[in-house]
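What follows is a set of notes on a single structure, which appears directly below.
Just so you know, all these numbers are worked out from the coordinates, no wet-lab data involved. All values reported here derive from a predicted model rather than from experimental measurement. Cβ placement follows ideal geometry from the backbone for every residue including glycine, while neighbour counts extend to all protein chains displayed.
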């Protein structure tokens, strides 16, 4: 459909709490398609609606297993611990060490407003936590242990 502008750290919309989706409308379906297109174009693994300026509880994720759309998501279970580099499309070119659960179960609605549950470990668990934080107006930079550092993912991909 259309690429949306990704809001950058410092934009006030990123620090506000998102509102629940009460019904799926054609505009929200279009938003979800746009979010997926925007996420893929930016080579991200997740994108939350506030990152494109919309304060709705909608998240898109794809860690390589196909797109996941979460409407009104909530974490219902988590366990374990992982520490790893985390980045964000709203903080381009930077990453930092963040501790997250290693296992997360999420309950949400899909694009058809049907209930869904997803379980994830490793990167998917990290993505669930990271994107749901966006819906609460929280940035990963508040959780970074130590300093942020610059990253260049394009070079890393070329080396593989």
Out of all the residues in the stretch 102-110, is one or more closer than 18 Å to residue 135 by Cβ and touching a helix residue (DSSP H, G or I) at 6+ places or on another chain (Cβ under 7 Å)?
yes
Pick from the stretch 10-48, criterion in contact (Cβ under 8 Å) with a residue 60 or more places away in the chain and within 11 Å of the chain's Cα centre (by Cα), ranking: farthest from residue 86 (Cα to Cα):
48
I need the full set of residues from the stretch 63-73 which are surrounded by 12 or more Cβ atoms within 10 Å (Cβ to Cβ), under 14 Å from residue 119 (Cα atoms) and out of contact with any helix residue (DSSP H, G or I) (no Cβ under 7 Å at 6 or more places or on another chain), in order please.
68, 70
Would you say residue 118 is surrounded by 15 or more Cβ atoms within 10 Å (Cβ to Cβ) and more than 26 Å from residue 19 (Cβ to Cβ)?
no
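Okay, residues lined up against (1) more than 22 Å from residue 12 (Cα to Cα); (2) outside any strand (DSSP E or B):
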{"position": "60", "(1), (2)": "no, no"}
{"position": "70", "(1), (2)": "yes, no"}
{"position": "74", "(1), (2)": "yes, no"}
{"position": "84", "(1), (2)": "yes, no"}
{"position": "104", "(1), (2)": "yes, no"}
{"position": "108", "(1), (2)": "yes, no"}
{"position": "137", "(1), (2)": "no, yes"}
Within the stretch 1-28, work out how many residues are over 20 Å from residue 40 (Cα atoms) and assigned to a loop (DSSP other than H, G, I, E, B).
11
Subset tally (residues that are surrounded by 15 or more Cβ atoms within 10 Å (Cβ to Cβ) and at positive phi) for the stretch 83-115
0
